[in-house]
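The structure appears right after this line, and notes come after that.
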Amino acid sequence: MSYNVRLVDLVANALIAIKEEGKNITFLAFSALEEYGARVVHYLKEKGKDVVLLLSRDRTDDFFDTYRDLFQESEENGEHGVIICKQVTSDELIRRFWGYLPLDLLQAFIEPDNVKALGIIA
């Protein structure tokens, strides 16, 4: 089975992990999301999975258009990234974004070493 990891997958799963840790972070830098994505891809490839990280300017624009009710592009401390537009709970994010994920992909997103790439959770 081949997996495509998209920006929405990275953002939603990063926010779920952050909220599950009790953190109230609303901004995620693209650099941290790219590192998180690279670790998720590496984790899956080590398990013999065929996986591609799909990040491009066009895909990013589509992400912000599709999920404009939740996310906006922003800049903080000189870093470009994603800001969550409204207060959502981890339960809401789980219901909206985990329903379609295969188990091994979900495991890659919540793997503690992968989540640490975000630089928010120790």
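Annotations
- Selection within the stretch 1-17 - under 14 Å from Ser56 (Cα atoms), in contact (Cβ under 8 Å) with a residue 60 or more places away in the chain and assigned to a strand (DSSP E or B): Val5
- Among the conditions (1) among the charged types (D, E, K, R); (2) surrounded by 12 or more Cβ atoms within 10 Å (Cβ to Cβ); (3) closer than 15 Å to Leu7 by Cα, Asp65 misses just one, which is (2).
- Residues in the stretch 13-52 that are within 17 Å of Asp104 (Cβ to Cβ), of a type in the set (A, V, I, L, M) and surrounded by fewer than 19 Cβ atoms within 10 Å (Cβ to Cβ): Val41, Val52.
- Number of residues in the stretch 86-122 that are small (Gly, Ala, Ser) and either at positive phi or loosely packed, with under 15 Cβ neighbours inside 10 Å (or both): the value is 3.
- Within the stretch 2-37, tally of residues that are small (Gly, Ala, Ser), more than 11 Å from Leu118 (Cα to Cα) and touching a strand residue (DSSP E or B) at 6+ places or on another chain (Cβ under 8 Å): 1
- For the stretch 88-105, the tally of residues that are in a helix (DSSP H, G or I) and more than 16 Å from Thr26 (Cβ to Cβ) stands at 8.
Coordinate-derived values only; no laboratory data. Every value quoted in this text rests on a predicted model; they were computed, and no experiment measured them. Heads up, the Cβs are rebuilt from the backbone with ideal geometry, glycines too, and the neighbour counts pull from every protein chain shown.
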